[in-house]
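Heads up, the thing below is written out as structure tokens.
The values are calculated or read from the model by the stated rules, or taken from the named source; none is laboratory data. A quick note: this is a predicted structure, and the numbers were derived from the prediction, not measured. Virtual Cβ from ideal backbone geometry, glycine too; neighbours counted across all protein chains shown.
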Amino acid sequence: MLAPGLNKYTQAGLLSLALLGLAAPAASYAASVTRGPYLQMATPNAITLRWRTDTATDSRVQFGTVQGSLTGFTDNAQATTEHEVRLTGLNPETKYFYSVGSTTGVLAGNNATTFFQTGPAAGTARPTHIWVIGDAGTASASQTAVYNAYKTYNGSQYTNLWLMLGDNAYNSGTDAEFQAGVFNMYPELLKQSPVWPTIGNHDGGSADSATQSGPYYNIFTLPKNAEAGGTPSGTEAYYSYDYGNIHFVVLDSYETSRSTSGAMMNWLKADLQASQSDWTIAFWHHPPYSKGSHDSDTDTAMSEMRQNFLSVVEEHGVDLVLTGHSHSYERSYLLDGHYGTSGTLTSAHKIDAGNGRTDGTGAYSKHAGNIPHEGAVYAVAGSSGQIGGGSLNHPAMFISLNELGSMILDVDGGTLNAKFLNSSGTVRDHFTIVKGGTAPVSCTLPWGGSLNDGLSVTAYQTNVHSNCPSVAQTRTCSNGSLSGSYTYATCSATSSVTLVLQNGLNSYAGNDDTHVASKKASTNYGSATTLKNDQGDATYGDEIVLLKWNVSGIPAAATVQSVDLGLQVSNASAGTYNLYEYKKAWVETTATWTNQTPGSNLGSVVGVINFTSTGAKTLSLNAAGVALVQGWVNGSVANNGLAIKSAGTTDGLDLRSSEYATQAQRPKLTVKYAQ
């Protein structure tokens with residue numbers, strides 16, 4: 001029998017030395033493994049193995065499907081203490097045993113506990129078992145208890161992959177802290193199951209995402225070039241990968257720009273657009289919703305992830321979002337469309353206000369595929385190493401617990417089961433998402449927006465002649481077609497139609513609005529529920545409101561007869577405000593004072609209005625305003641909308657925006673036109 005850690009050639013050499021009466025060098029013939037081995041960047045056909053040794057050697061991984069008979073090997077000739085070898089040409093859904101070492105001997109492995117299982121081919125649905133930990137790396141008894149609870153609960157079931165949600169090593173992500181909080185904590189799991197991390201603020205204390213340097217980036221090997229599926233990101237700071245029928249998206253919410261026009265956002269849109277997986281799970285560190293040890297209403301990174309990224313996530317049908325940062329467990333309802341602070345969440349944002357449990361109000365249900373805006377569940381799992389309290393009362397959450405624990409996900413075909421397992425081994429929360437059935441084909445509405453099958457809308461026809469009274473026409477969407485059509489019977493050549501454009505009314509969604517502030521020149525207020533106007537404010541400077549409506553539902557040949565602007569005043573002003581044609585293109589989610597320079601882009605005055613009392617206010621546009629909207633309709637004038645600016649008053653004004661919870665108080669444009 002060979003001595004541990006020696007191959008037969010090394011063993012024979014030592015025997016020869018003994019026969020010659022020479023002493024073998026006690027510590028020079030073999031290195032020792034001081035970290036790992038651990039598994040990285042797994043695919044159905046390849047995997048990366050990493051380990052550390054106390055002295056530099058070359059690298060060899062031996063592998064095979066039979067324990068003790070490792071017939072394959074891959075070498076790396078470079079002498080190093082940080083070993084990294086990628087195995088390729090593997091078979092999907094296959095169990096491989098392996099050993100690591102050098103070309104002169106095995107240092108670890110080739111036993112019953114050193115193995116991995118390759119995943120299924122991309123797009124293939126297989127039962128998938130996933131462990132999720134957040135803020136775990138405390139190297140404490142609490143972290144140990146969470147891990148032991150998982151091992152006991154899990155038994156012999158194989159963990160296909162596991163996710164780290166950031167703050168993987170406290171306090172500042174040094175190499176020594178990673179050793180204590182990761183490698184010394186999870187040696188069994190590291191050598192059997194590939195781990196996929198995201199960076200947290202504590203990891204970032206010793207790492208830099210811009211240069212991809214520091215312990216976090218030195219320790220993990222991540223797919224910046226789409227080596228594991230998805231779209232190349234060009235950076236290990238954020239990336240994506242596929243496992244079977246699941247697409248995973250990993251973002252950097254700490255150091256990389258969270259801007260709506262930043263590189264990470266542009267990559268995310270491209271990646272999600274390209275994915276055809278049945279399931280999409282996204283994870284990053286800073287939660288968009290939390291009232292734990294951190295508050296998503298006031299934390300900048302948390303707010304920006306909510307305001308800037310959730311609309312993209314939901315537009316592309318992401319099913320589950322996992323985060324850490326708050327040292328608690330919080331789990332939402334099935335949500336969509338809420339990007340404001342906690343006080344703005346309403347029942348309309350809950351696609352399903354039940355508990356998501358098959359033994360409760362029922363599983364959350366979604367159609368097959370990546371259907372936009374069918375809802376996502378948001379979970380905070382930041383209590384895998386410590387707990388931090390907090391009010392734990394965010395209205396987005398079905399349940400909030402100040403308990404140590406981790407999450408377990410099981411995806412099987414069209415069913416995702418999730419559990420929160422506390423450190424005592426008790427399942428304290430569970431929910432299920434079921435996906436199946438063909439998604440309904442929505443109907444396109446004449447005035448913009450769309451309507452799902454089975455729903456109805458009503459439009460109104462108003463005629464100028466007394467013998468042609470107003471008529472309400474109701475249409476129902478069925479299999480992608482409206483029953484009937486929105487053509488109006490004409491009593492005379494001068495019949496007209498009145499169309500009210502207001503977000504949420506008859507499924508219209510074409511109104512954008514925001515305000516920009518000269519002293520907060522780089523700040524975007526596109527998701528705010530209040531539009532602010534002022535001049536010379538001590539904190540914000542000049543504030544100008546921008547509004548626009550999609551008028552593509554009006555026939556291009558129509559003649560616009562009148563236009564009314566409806567606004568809801570929440571804070572009145574004694575001053576006078578002008579309504580202007582706005583002449584520069586803008587986007588609600590990116591418009592700022594800096595990129596708009598609004599004072600230089602005001603056109604003709606199309607109305608003058610006073611807001612001396614709160615409540616509803618209507619302004620009829622003047623002839624120039626009617627001509628402006630006519631130009632929008634027939635395409636002769638670019639539709640950059642309208643601007644509201646103080647005519648000299650310093651008495652500030654507040655208006656409800658299109659994001660305001662009460663639909664009837666959102667801005668509206670009423671256009672009367674002849675057909």
For the range 634-675, name all the residues that are surrounded by fewer than 18 Cβ atoms within 10 Å (Cβ to Cβ), in contact with a strand residue (DSSP E or B) (Cβ under 6 Å, 6 or more places away or on another chain) and closer than 23 Å to GLY541 by Cα.
ALA647, THR650
What pairs can you find where one residue is in the range 468-479 and under 16 Å from LEU445 (Cβ atoms), the other is assigned to a strand (DSSP E or B) and modelled with pLDDT under 70, and their Cβ atoms are less than 6 Å apart, with a gap of 6+ or different chains?
ALA472/THR458; ALA472/TYR460; GLN473/ALA459; THR474/THR458
With the structure loaded, tell me whether VAL66 is in contact with a Leu (Cβ under 9 Å, 6 or more places away or on another chain), farther than 27 Å from THR323 by Cα and not assigned by TED's automatic domain parsing to the domain that holds HIS325 or whether it fails that test.
no
Look at SER604 and say whether it is hydroxyl-bearing (Ser, Thr, Tyr), at pLDDT below 95 and touching a Leu at 6+ places or on another chain (Cβ under 8 Å).
yes
Check on ALA77, out of contact with any Pro (no Cβ under 7 Å at 6 or more places or on another chain), at pLDDT 95 or above and in a strand (DSSP E or B):
yes
Close pairs (8 angstrom Cβ cut-off, 6 or more residues apart or separate chains): under 18 Å from ASP412 (Cβ atoms) in the range 151-170, in a loop (DSSP other than H, G, I, E, B) and of a type in the set (A, V, I, L, M, F, W, C) anywhere
LEU161/ALA42
In the range 136-194, the residues that are touching a Leu at 6+ places or on another chain (Cβ under 8 Å) and of a type in the set (A, V, I, L, M, F, W, C):
ALA145, VAL146, ALA149, TRP162, LEU163, LEU165, VAL182, PHE183, LEU190
Mind counting the residues in the range 590-610 that are crowded, with 17+ Cβ neighbours inside 10 Å and part of a loop (DSSP other than H, G, I, E, B)?
3
Does the range 483-500 contain any residue that is modelled with pLDDT of 90 or more, in the same structural domain as PRO667 (by TED's automatic domain parsing) and under 17 Å from THR670 (Cβ atoms)?
no
With the requirement that a residue be within 18 Å of GLY575 (Cβ to Cβ) and crowded, with 16+ Cβ neighbours inside 10 Å, what does the range 611-633 give you?
PHE611, LYS617, LEU619
Filter the range 224-276 down to residues that are touching a residue at least 60 places away in the same chain (Cβ under 8 Å) and among the aliphatic types (A, V, I, L, M) and give me whichever is surrounded by the fewest Cβ atoms within 10 Å (Cβ to Cβ).
LEU272
Can you tell me which residue within the range 331-340, out of those that are of a type in the set (Ser, Thr, Tyr) and outside any strand (DSSP E or B), is farthest from PRO395 (Cα to Cα)?
TYR339
Is it the case that ARG86 is surrounded by 21 or more Cβ atoms within 10 Å (Cβ to Cβ) and charged (D, E, K, R)?
no
I'd like the residue in the range 590-602 that is in contact (Cβ under 8 Å) with a residue 60 or more places away in the chain and among the hydrophobic types (A, V, I, L, M, F, W, C) and, out of all such residues, is farthest from TRP549 (Cα to Cα).
TRP593
What is the residue count in the range 153-177 for residues that are under 28 Å from the mean Cα position of the chain (by Cα) and more than 27 Å from ILE246 (Cβ to Cβ)?
5
